[in-house]
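Structure, as structure tokens:
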Amino acid sequence: MAFLKVSSPHAHGPMSTGRVMRLVLMATIPGLVALTWFFGFGTLTNVLWASLSALAFEALALKLRKRPIAFYLNDCSALVTAFLLGIALPPGSPLWLILVGTGFAILLCKHMYGGMGYNPFNPAMAAYVLLLISFPVEMTNWLAPRGAVPASELLGPIDALLRSLGIGSAPIDGVSMATPLDILKQNDALLVDDLWAQTPQFGTVAGIGWEWVNLAFLLGGLYLLYRRVFTWHAPLSMLLAIAIMALLFNDGGSSASGGGALFNLFSGATMFGAFFIITDPVSSAVSNRGRVIYGALIGVLVYIIRAWGNYPDAVAFAVLLMNFAAPFIDHYTQPRTYGHKKPNAQEKA
Amino acid sequence: MLADYTILLLGAILVNNFVLVQFLGLCPFMGVSSKLETAIGMSSATTFVLTLASICSWMTYEWLLQPLGLEYLRTITFILVIAVVVQFTEMVVRKTSPLLYKVLGVFLPLITTNCAVLGVALLNINKEHNFVESALYGFGAAAGFSMVLVLFAAMRERIAVADVPVPFKGAAVGMVTAGLMSLAFMGFAGLV
């Protein structure tokens, strides 16, 4: 390489992997605060157990593979996976569920493929999908948000810890309630407007709590965008695709409706997925044009599975499906480098 | 009518994907997926064969076996029909595109033993499809097979250069990837 003889002044690239990862961790704070405010301390215990176990699994994998442990733990990528998984799981999930999830994510989805930078699937989302398919009862047990139940019903810090360890009596179970996406999916009798008026879980544009959680993740995501951790291509095209799909297939709110554009944008894991999951630099498409296609297809899949599939929230499935397609997208969207012909040109000729 | 056909087609491509949901045709899926170019060749050949074999076996069953009361011979008959279609394809490919023939090489006869081809022929009878439905079902199965084969090949090209731990190199990590993809495809459950 010809990078050796460069003269001063030297510009120092401020972004190392560890720094980027720590920025991502910081940007989840508004979302974590919102989740904790509305759903109690369950999300924080999720994140705590996930972080501890992810670091342990990461250290174990590194030791088995004879890699420098401290160096790789310092880049915080295992912590990011843990945070993403902890946020995605229902608040106050049992410890064993979290252990299965992080073990699968770190050992199988990350280190079997060679560790940091090689994983073709987003580890947190692959683990989420595995848990959702294997343990549907635990994975759909969402607690009721503040506003739908009195604040005294929310999990306190001690209650959440006991609940995740499986110790304690029935009250610690909290009040579980279907999420707005669930309710909309199960509904086949009421018009959307009537459903909205009758169910306590609905708020201004989406579910009570959910709209604020999504706003908080949007805020964190915009901060990351401002710090140029990722480009706008994938998130914007995903959100646009969801909105366009929702507008195209909006039937004015019949009982079979998949919900309007605003509802879909501020429900479930939309914003979290758009800014924290699909922007994963490893498992997504690489070029900007590729990212637009990648994000848009995720948006389309999210709406399709939400509206017509079996699963109420589809971000994890959509991301995994497009992770699968990302290398193919990359192959056909290689940008032309200056002074060279288009790549793959001779293959097409 | 048209909606039924669309559902049949989408069902065969995504929801009941022959490779990742019904686990048919795994041999070419694992065997021919190490290079994208070969995978594309293989998937186009399989698409052609599968659609044609689906139609031919339906015709054989409806117009030959059923009138003669020989339904119990269908498995062995279908194998024969498929072998003939594959042989025919091989001859066509050799004449029209020697390059593709060279690339596909041993894989072309392998289509004969692709259980997805026999699976489609038998499923057509089980589900009592008519002529158009059999053709569409065969084409949908082939399209689904082609899609996952090509995507998987692109992904394996990337995994081939990854720092995979030695015990998992090659087929092992390929199997794990196929399993993860199968997990992802469960998201389509209930669409049709």
Single unsatisfied condition, B:GLY144 versus (1) within 12 Å of chain A (Cβ to nearest Cβ); (2) part of a helix (DSSP H, G or I); (3) small (Gly, Ala, Ser): (1)
In the range A:80-93, what residues are in contact (Cβ under 8 Å) with a residue 60 or more places away in the chain and of a type in the set (Ser, Thr, Tyr)? A:SER93
Inspect all residues belonging to the range A:89-100 and state whether any of them is away from chain B (no Cβ under 14 Å), part of a helix (DSSP H, G or I), out of contact with any Pro (no Cβ under 7 Å at 6 or more places or on another chain) and crowded, with 23+ Cβ neighbours inside 10 Å. yes
Select from the range A:53-68 the residues that are loosely packed, with under 15 Cβ neighbours inside 10 Å and more than 13 Å from every other protein chain (Cβ to nearest Cβ) and list them in ascending order. A:PRO68
Tell me which residues, restricted to the range A:123-147, are more than 13 Å from chain B (Cβ to nearest Cβ) and of a type outside the set (A, V, I, L, M, F, W, C). A:GLU138, A:THR140, A:ASN141, A:PRO145, A:ARG146, A:GLY147
Checklist (1) touching a residue at least 60 places away in the same chain (Cβ under 8 Å); (2) more than 19 Å from the chain's Cα centre (by Cα) applied to A:SER77, failing item: (2)
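Give me the helices (runs of 4 or more DSSP H) completely within the range A:1-87, filtered to those with at least 1 residues that are more than 22 Å from A:SER267 (Cα to Cα) and touching a helix residue (DSSP H, G or I) at 6+ places or on another chain (Cβ under 6 Å), ordered by residue number.
Values: elements: A:17-27, A:29-39, A:42-64, A:69-73.
Result: A:17-27, A:42-64, A:69-73.
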Residue by residue through the range B:15-29, note down the ones that are part of a helix (DSSP H, G or I) and surrounded by fewer than 20 Cβ atoms within 10 Å (Cβ to Cβ). B:VAL15, B:LEU26, B:CYS27
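Residues in the range B:140-178 that are farther than 16 Å from B:ILE13 by Cα and touching a Leu at 6+ places or on another chain (Cβ under 9 Å): how many? Quick ask: steps written out before the conclusion?
Residues of the range B:140-178 that are farther than 16 Å from B:ILE13 by Cα, as a first pass: B:153-178.
With the extra rule that they be touching a Leu at 6+ places or on another chain (Cβ under 9 Å), the set shrinks to B:153-154, B:156-157, B:165, B:176, B:178.
The total comes to 7.
Hey, can you tell me all the residues within the range B:27-49 that are of a type outside the set (Asp, Glu) and over 22 Å from B:VAL81 (Cβ atoms)?
Within the range B:27-49, B:PHE29, B:MET30, B:GLY31, B:VAL32, B:SER33, B:SER34, B:LYS35, B:LEU36, B:THR38, B:ALA39, B:ILE40, B:GLY41 meet the criteria.
If you go through the range B:95-127 one residue at a time, how many are surrounded by 13 or more Cβ atoms within 10 Å (Cβ to Cβ) and in a loop (DSSP other than H, G, I, E, B)? Don't jump to the end; show me each part of the working.
Pass one, the range B:95-127, residues surrounded by 13 or more Cβ atoms within 10 Å (Cβ to Cβ): B:97, B:100-101, B:103-104, B:107-125.
Within this subset, residues satisfying the condition of being in a loop (DSSP other than H, G, I, E, B) are B:97, B:114.
So the answer is 2.
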Could you check the range B:157-192 and list, in sequence order, the residues that are part of a loop (DSSP other than H, G, I, E, B) and either more than 7 Å from every other protein chain (Cβ to nearest Cβ) or among the acidic types (Asp, Glu) (or both)? B:VAL161, B:ASP163, B:LYS169, B:GLY170, B:VAL192
Filtering helices (runs of 4 or more DSSP H) wholly in the range A:235-333 for at least 2 residues that are within 13 Å of chain B (Cβ to nearest Cβ) and either touching a strand residue (DSSP E or B) at 6+ places or on another chain (Cβ under 9 Å) or in contact (Cβ under 8 Å) with a residue 40 or more places away in the chain (or both) gives A:288-308, A:315-332
If we keep just the residues of the range A:108-122 that are touching an Asp or Glu at 6+ places or on another chain (Cβ under 9 Å) and in a helix (DSSP H, G or I), which is farthest from the other protein chains (Cβ to nearest Cβ)? A:LYS110
B:VAL92 versus (1) within 14 Å of chain A (Cβ to nearest Cβ); (2) surrounded by fewer than 17 Cβ atoms within 10 Å (Cβ to Cβ): which is the lone unmet condition? (1)
Could you please tell me which pairs satisfy a Cβ distance under 8 Å, a separation of 6+ or placement on different chains, a first residue in the range B:22-40 that is within 14 Å of chain A (Cβ to nearest Cβ), and a second residue that is part of a loop (DSSP other than H, G, I, E, B) and crowded, with 19+ Cβ neighbours inside 10 Å? B:PHE29/B:VAL19; B:THR38/B:VAL32; B:ALA39/B:VAL32; B:ALA39/B:SER33
Output the number of the condition that A:LYS342 fails; it satisfies all remaining conditions of (1) away from every other protein chain (no Cβ under 14 Å); (2) in a helix (DSSP H, G or I); (3) modelled with pLDDT under 90. (2)
With the requirement that a residue be facing chain A (nearest Cβ under 7 Å) and touching a residue at least 40 places away in the same chain (Cβ under 8 Å), what does the range B:147-156 give you? B:VAL150, B:ALA154
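The values are calculated or read from the model by the stated rules, or taken from the named source; none is laboratory data. Here the structure is a predicted model, which is why all the values come from computation and not from measurement. So basically every Cβ, Gly included, is an ideal-geometry build from the backbone, and we count neighbours across all protein chains shown.
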